[in-house]
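Below: the structure, in structure tokens.
Bear in mind these aren't lab numbers, they're just calculated from the coordinates by the rules spelled out. Quantities reported herein were computed from a predicted structural model and do not represent experimental measurements. Cβ sites come from the backbone with ideal geometry, for glycine too, and all protein chains shown count toward neighbours.
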Amino acid sequence: MKKIVLLFVLTTVLGYSVKAQTTAMDFNKNNCNGTNSHLFEDLDNGQAVVLFYYMPNCGSCPPPAKKIQAMLSNLNVNYPGKVKGYAIPYNNTTKCPNVQTWVTGNSLSLFTPLDSGATQVAYYGGFGMPTVVLVGGSDHRVLFNTQNFTTADTTVMRDSIINLFQGPSAVKQHAAQLQEVNIYPNPVSHELSVEISLNSDTYLKIDIQDLQGKLVQAVFNDRISAGKLNRKVDTSALPTGNYLLKMESDGVSQTRQFSVSH
């Protein structure tokens, strides 16, 4: 145990890089909801599992968790009950009441709270605010592991999950969901026309964001059939300036910049 603690201190304080693991570390214990969680049983049942290790007072941890949850939610549309997540503190001193509060307070309903993650964090290479690990397969593989999470990692994780379930060709199919996107006029004054061609039934979310990625206006959020979506977006209330139209389908996202001029 002392060796494990020392390894954890080296990885978190000195930034020492531990050799990446290729096989998951099992756990079999009651989670903070009072039910049993057995990681290898999840994997043997064909699930893909995200292990999200966080620091309780880490301000940069909740946003990645929410992005991952959105990705898991989208995947669960096509793979019901096949993907899940665990939220686990990086230490052994943060116990279940605090873990449950963190999960609930950040609206992370797809993450099962679990405490005492220090040994696991050390095993996967140390804590990186957050450390994110994706595991799957009956051979209990580590599909993805990072201590430096970026938004692009959700796409890598999504493709790894699709590849696990359906193979590489399915990844290409999902990547082509948003086959064609047109927005006009640009600049726009009062009404923006959005035309999107989709090559299969999918879950589609459309938002208007500012150039820093902050949500300005929700446009569409629903399941949609294959074909062409034509949407008129009222922009009359938007101040003059530049904006992003972000479209996300099953974790695949595209953005288009447009200007509002009254």
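What nm distance separates the two modelled labels at residue 182 and residue 216, each placed 7 Å from Cα along Cα→Cβ?
2.3
If you average the C-alpha positions of segment 174-234 and of segment 22-81 separately, how far apart do those two centres end up, in angstrom?
So the separation of the two Cα centres works out to 30 Å.
What helices does the chain hold that run 20 Å or longer along their axis, going by alpha-carbon atoms, with a Kyte-Doolittle average of -1.0 or more, using DSSP H for the helix calls?
Correct list, ordered by number: 62-78, 152-166.
Around residue 50, under 13 Å between beta carbons, what's the net of Lys plus Arg minus Asp minus Glu among the other residues?
Net local charge, residue 50 excluded: +3.
Normalised by the number of residues in the chain, what is the relative contact order in percent for Cα pairs under 8 Å and 6+ residues apart?
Taking the mean separation of contacting Cα pairs over the length of the chain, I get 17 percent.
Less than 20 Å from a label point 7 Å out along the Cα-to-Cβ axis of residue 30: which backbone N atoms in segment 62-94 qualify, by residue?
Output list for this probe position: 86-89, 92-94.
Based only on Cα atoms, what Rg/Rh ratio does segment 78-122 have, Rh being taken as Kirkwood's radius?
1.04
With θ set to phi - 60°, apply the Karplus curve 6.51 cos²θ - 1.76 cosθ + 1.60 along segment 210-216 and write out the HN-Hα couplings as whole Hz, x wherever there is a Gly or Pro.
Computed from phi, the couplings for segment 210-216 are 7, 6, 8, x, 7, 4, 10 Hz.
Mind scanning 82/246; 82/205; 95/246; 95/205 and naming the pairs with a C-alpha gap bigger than 32 Å?
95/246; 95/205
Please get the size of the charge dipole for the chain, origin at its Cα centre, with Cβ charges of +1 on Lys and Arg and -1 on Asp and Glu, quoted in debye to the nearest 20.
In debye, rounded to 20, the chain gives about 440.
May I ask you to evaluate 6.51 cos²θ - 1.76 cosθ + 1.60, the Karplus curve with θ = phi - 60°, for each residue of segment 200-209 and list the ³J(HN,Hα) values in order in whole Hz, giving x for glycine and proline?
3J(HN,Hα) across segment 200-209, in whole Hz: 7, 4, 7, 9, 10, 10, 10, 9, 9, 10.
Taking amide hydrogens as modeled 1.01 Å from N in the peptide plane, which residues meet the under 5 Å criterion relative to residue 235, leaving out close sequence neighbours?
For residue 235, the qualifying residues are 191, 192.
Quickly estimate the mean residue ellipticity at 222 nm for the chain, helices only: each DSSP H run with n ≥ 4 gives -39500 (n - 2.57), and the total goes over all residues, rounded to 500.
-8500 deg cm²/dmol
Which one, 135, 121, 188, has the greatest fluctuation when you compute a Gaussian network model over the chain with C-alpha springs under 10 angstrom?
Per the Cα network of the chain with a 10 Å cutoff, 188 tops the list.
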